[in-house]
Structures are given as C-alpha cells and as structure tokens.
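First the structure, in the form of structure tokens, and then the observations on it.
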Amino acid sequence: MPNTQQLEEFISQVRRDILRQVHKVNSGHPGGSLGCAEFFTALYQEIMEHNSNFNMHGEGEDLFFLSNGHISPVFYSVLARSGYFPVEELSTFRLIDSRLQGHPTTHEGLPGVRIASGSLGQGMSVAIGAALSKKLNKDSRLVYTLHGDGELQEGQNWEAIMYAAGNKVDNLISTIDLNGQQIDGSTENVLPMGDLKAKFEAFGWEVLEIAEGNNILKVIEGLNEAKSRTGKGKPVCILMTTEMGHGVDFMMYSHKWHGVAPNDEQLETALAQNPETLGDY
Amino acid sequence: MKKYTNTGNKDTRSGFGAGLTELGKTNENVVALCADLTGSLKMDDFKNNHPERFFQIGIAEANMIGIAAGMTIGGKIPFTGTFANFSTGRVYDQIRQSVAYSDKNVKICASHAGVTLGEDGATHQILEDLGLMKMLPGMTVINTCDFNQTKAATLAIADHEGPVYLRFGRPKVANFTAEDQNFEIGKAVVLSEGNDVTIIATGHLVWEALQAAEQLEAKGISAEVINIHTIKPLDEEAILTSVKKTGCVVTAEEHNFLGGLGESVARTLSMNHPAPQEFVATMDTFGESGTPEQLMAKYGLNAEAIVNAAEKVKNRK
C-alpha cells in the first residue's frame, strides 16, 4: 500500500511550488498544473521505474512525455522533488538564463525533460517513437504521456492515435487530463469533442477512466490498472477527470486561472490552504 | 576548364535509396520512416531487407516527424522520407519544436523538390524549403547535385550528430561526380577554376553551371564553378576566396530567390567582401505543370540562364 500521508505531504508541497513559481514571475499556468499534482506525484513517486541521474536515452527506465507543456510548473516541481535537479532552481522559473523555460525544453539541458513541448498536439507522436525505440531495443519498460483535453482538438493527435492502435504500440499509456477547460472557456463551449471514450475505443485503444483524478489513491489505482493492460496488443488510454486549480478554493471551477498568476494577497490565501511539508525552496 | 563526364542520367532520389540500402547493412541504428511514398523515395530495398527497421506511417507527415523525434530517444537514427513539400512546409512546427529545438538526431530526407517534379504542378513543387529549413537553429541543410553525391551524402549524414535536411529530386539528371567521393558536410567543392566570374550552384543547377562554364569559355570568359551541396553551414571561406579572385558571382538554385542559397551568399559577401551578384532562381513565383526541361527553361533555371547572368554580372564589375 502506498503511504498516503507521505504522498499527501508531497502533493501539498508541489502545490506550493506551483503557486510560488508563477507568482514570482507573474506568469505561467497554475490552473492545469494544480489539477495534475496528484497525477505527477503518482507517476514519479509510485508508478514509474525511473532514474533521477538523468540519461536522455532512458534505457531500462519508464519514460514520461508531457505534451501539454504549459503545465510546466507541476512538472518542474515534481522533477526537482524527485531528485532530478536542486529544488532551489525552481526559483529561476521563467527568468532569463534559466533552464526552467516557460515551456519545457531539452535545449537548456534540464534533467528529466526529453522533448520540448508547448506547441500542442505533438507529444503523443514523440512518445510513440520512444515506445517503438524501446521495442527495437528489447526494453520492456513503458512510455507514459499526459495531454490536455482541449489539446485533442489538434489533428496530429488523431494521426498518432490511429497509428498507435494500427501498429499495436502496447507499451504506451496516454493519459488525457479531462478538466473540461481551455483558454477561451469550457471545452463544451469552445469545441465540443463528443464522447472521447467512444472515440479512443473506435480507434482501437484500451480505455479506462479515473473519475477522481485529484484523489491520489484513485490515480495510483488507475495507473496500476493501466499498467496491467499493457503488452496485450493495444495502446492504453486513461481518461482522467480533474479539477483545474484543485487545492485552491478560489481557483477551482473556472478556466480563469489557466494562465494567470495570483497576486500577493491571493498567494497568501492559496498557500494557507496548502501547508509547507517538505520545505519551501 | 576541367571537364566532367556524365556516366549516364540517373535520379538523385535513387542515390538516396542506394545510400539507405547501404546504411541498412552497415548501421543497425538506422531506421527509416515513410509517409506512403516508399516507391517514390526509393526506400523499397531498405524496407524489404530490414522490415523491422522500416516504419510505414501512412499519410500523416506530422505524426511521422514526431515519431522520428521520439525514436532518437534510445539511440535510433531515423531517416524520414516523403516529398520536399510535405517534409517541410506541411510539418514546419513539428520540425521546429520536436526536432530542431529538441536537438533530435533526425534526418529529414526530401525528394521531388523544386519545379523538376514536373507535371504534378505547383501544389507539389516546393521552392521555399531551403529557406524554411535554413532558418531553423541547428539545422544542417544539404542539396545534392547527382546520384553519386546524394548517395555519399546519405551515408555522411548518418554519422553526423544533429538534425539534417537532405534535399533531392525526381528527374534523371547527369551523374558526373565521383562514385567513391568523400562527402564532407559544410565543405564546398570547386569543380572548375576560373578568373572572370564565380558560379556557385546547388542541386540540379550544378550540372547546368558546368555546361554554362563551357559555353562561357567559348566566349572567352573564364568561370570558376563551385558546387555548394551544403547550404548550411555555408562554406564562407570557399565563397570569399573565389569571389576575391573573380570579383563577381552568379548563384544558381532550383528555389525561390527569396530565402535560398543566393541570399546566403549575398549575406556572406555583404558582410565580408561586397561584390556584384546575379541570381539564377525562381523569382517569387509558384511553379506549374510541364516537363522538367520545359519548366527549367521557362523559369530560367538552366545553362542558358546562367550564361546570361554571368555576362551581365561581369559587366557590373
């Protein structure tokens, strides 16, 4: 059994890191980052076999690709707190000469990042390539991805979804963050995407759902279930429902905090709701 | 001037195919991806000999570029194959973010470049690809002139760490460079020495430049012919050495004069040694249907156009 208390403490600290990163530079994307704190914590603390002594090729390791790169604050926090780079470096987020660019990149050599992302819709293709490379190398480890739900409006995803099923890329677990929001409003209002479960299934994927994407135990349970379905001829999709801005009451239930940083007063309120557990950087 | 012999017309895309076949035998990390144009790209041998390392992506070029980028993780050396138009303009952002900005060791191999694609017309005849690719930081851009050189370049780029755009074409053209040549990325080749005018050519225009130099010789004009197979990084030293001697230059390429080889040469000269220059290139226009020869003539991309440009530029000295 996972140690729930430890994980909750980790998540609380990650939320603080997210808020403090975006507050300092008055830019960045807190909403989606907060909503995915449980997912990243589950992946890096419980699910993946990975080595924080970073090697780009990641042979013998599970790999993760973040396709919706704008939620970099949660990615950076979890990488740092999983040992990839010093947590103090989080204070350089979005500053000049930093390895922590607005959107993740390999270009500045930040350990833990294997592809640049930010221009949406490219991550699944890259992950398929890495998964094929693993198969050629007889490496039985898995490849994980995360995508925004709005991101699925990009057509390249559907090229990738079609390819992965048609070519039995069954060492791939792609999670869709169903927070129902995008910059201009709810996905229902911007561009309704219909029944995503039916769509992935129609393309030939194994699909499972995590209804409570902000419940760490449910996320771990869902990811373990997904793992058990790999290696059987189908790529695996997780439709994970989350709440954008989760953990900060005034940031929830709205798309408003997609790309807006809290002011000083809002930061104080938000931090009070997420106690310092592992030490602020 | 030094004479070159055409050992028989061959298409440059077949040079790519031959190089890929050889890489299949010699480099087990080489993998090939194709977007439903295996025959056109001459990738059949590789596909048949190494089915486990050949990936048919379907008509989905964006996905192909992304998959290629991902395959480098784990040490593969992916060669993607489709037409130049679909290798660049269609997937510019995928190349920009997932390949160039991500420093991935992907070889983007592009056939049917330029107007010599012929009858299919302007939808398929990209004349902007060199410009698109050379603007990307870190991208190496190569445009080979014949079968032998395309084969040699295909082998060479496998050993080069970093993203490469390799451009070649469809028509059968003179094959005149050495079969056993050592292809050095970024190194210009002086094909023939001369004193009155420098002709810097790339791709299909290199053979035309040699024909032009012969015609100029008959008119008493001594032309130096340089084959610039690598547009980026550009061999500035070779260009400057030659132009300092001749005092003027003609650039020749099957590409728009905006953004192509000519502009790279002009920048080099303006920064180091300003000199008169004439451009043999398409002049900010789309192509159209026709035979390769008809199109080369209509758009001023042949020996005759180079001769005219050389005479003009010589008078501007």
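Suppose we keep only residues that are modelled with pLDDT under 95 and hydroxyl-bearing (Ser, Thr, Tyr) within the stretch A:224-281. Which one would you say is farthest from A:HIS70 (Cα to Cα)? Here the residue is A:TYR253.
Listed here are the residues, each with its yes/no results for (1) surrounded by 18 or more Cβ atoms within 10 Å (Cβ to Cβ); (2) away from chain A (no Cβ under 13 Å); (3) hydroxyl-bearing (Ser, Thr, Tyr); (4) more than 23 Å from A:LEU120 (Cα to Cα).
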site: B:THR21; (1), (2), (3), (4): yes, yes, yes, yes
site: B:SER40; (1), (2), (3), (4): no, yes, yes, yes
site: B:ASN48; (1), (2), (3), (4): no, yes, no, yes
site: B:ALA60; (1), (2), (3), (4): yes, no, no, no
site: B:ILE67; (1), (2), (3), (4): yes, no, no, no
site: B:GLY75; (1), (2), (3), (4): no, no, no, yes
site: B:ASP93; (1), (2), (3), (4): no, no, no, no
site: B:LYS104; (1), (2), (3), (4): yes, no, no, no
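What about A:GLY155, is it more than 15 Å from the chain's Cα centre (by Cα), away from every other protein chain (no Cβ under 14 Å) and surrounded by fewer than 20 Cβ atoms within 10 Å (Cβ to Cβ)? No, not satisfied. Restricting attention to the stretch B:111-134, the residues being touching a residue at least 40 places away in the same chain (Cβ under 8 Å) and part of a loop (DSSP other than H, G, I, E, B) number 13.
Just to be sure before I move on: is A:SER98 modelled with pLDDT of 95 or more and either in a helix (DSSP H, G or I) or touching a strand residue (DSSP E or B) at 6+ places or on another chain (Cβ under 9 Å) (or both) in the structure I sent? The answer is no for A:SER98.
Between A:GLY60, A:GLY83, the distinction of being within 14 Å of another protein chain (Cβ to nearest Cβ) and on the phi > 0 side of the Ramachandran plot belongs to A:GLY60 only.
For B:ASN85, the test of being away from chain A (no Cβ under 11 Å) and over 25 Å from B:GLU288 (Cα atoms) is failed.
The single condition among (1) buried (at least 24 other Cβ atoms within 10 Å of the Cβ); (2) more than 13 Å from chain A (Cβ to nearest Cβ) that B:GLU119 does not meet is (1). Out of the stretch B:178-212, which residues are acidic (Asp, Glu) and in contact with a Leu (Cβ under 9 Å, 6 or more places away or on another chain)? Hits for the stretch B:178-212 are B:ASP196, B:GLU208.
Applying the selection to the stretch A:93-108, what residues are more than 10 Å from chain B (Cβ to nearest Cβ) and among the hydroxyl-bearing types (Ser, Thr, Tyr)? Correct list: A:SER98 only.
In the stretch A:119-138, what count of residues is obtained for those that are facing chain B (nearest Cβ under 7 Å), surrounded by fewer than 24 Cβ atoms within 10 Å (Cβ to Cβ) and either in contact with a Phe, Trp or Tyr (Cβ under 6 Å, 6 or more places away or on another chain) or over 13 Å from B:ALA69 (Cβ atoms) (or both)? Of the residues in that region, 2 qualify.
For residues that are touching an Asp or Glu at 6+ places or on another chain (Cβ under 6 Å) and not in a helix (DSSP H, G or I), tally how many sit in the stretch B:188-219. Residues flagged as touching an Asp or Glu at 6+ places or on another chain (Cβ under 6 Å) and not in a helix (DSSP H, G or I) within the stretch B:188-219 amount to 7. Somewhere in the stretch B:250-263, is a residue part of a loop (DSSP other than H, G, I, E, B) and under 18 Å from B:VAL190 (Cβ atoms)? No, the stretch B:250-263 contains no residue that is part of a loop (DSSP other than H, G, I, E, B) and under 18 Å from B:VAL190 (Cβ atoms).
Residues that are within 11 Å of chain B (Cβ to nearest Cβ) and either out of contact with any Leu (no Cβ under 6 Å at 6 or more places or on another chain) or surrounded by fewer than 24 Cβ atoms within 10 Å (Cβ to Cβ) (or both) within the stretch A:139-152 comprise A:ASP139, A:ARG141, A:THR145, listed in sequence order. One residue alone among B:THR154, B:THR80 is within 18 Å of the chain's Cα centre (by Cα), crowded, with 24+ Cβ neighbours inside 10 Å and within 14 Å of chain A (Cβ to nearest Cβ), and that residue is B:THR80.
Of the candidates B:PHE279, B:PHE286, the single residue that is under 23 Å from B:ASN85 (Cα atoms) and part of a loop (DSSP other than H, G, I, E, B) is B:PHE286. No other residue among A:MET1, A:MET56, A:MET48 is among the aliphatic types (A, V, I, L, M) and modelled with pLDDT under 95 apart from A:MET1.
For the stretch A:166-194, residues that are within 14 Å of A:HIS258 (Cα to Cα), among the polar types (S, T, N, Q) and surrounded by 15 or more Cβ atoms within 10 Å (Cβ to Cβ) total 4.
The values are calculated or read from the model by the stated rules, or taken from the named source; none is laboratory data. What you see is a predicted model, and the numbers here were worked out from it, not measured in a lab. FYI the Cβ positions are ideal-geometry reconstructions off the backbone, even for glycines, and counts take in every protein chain you see.
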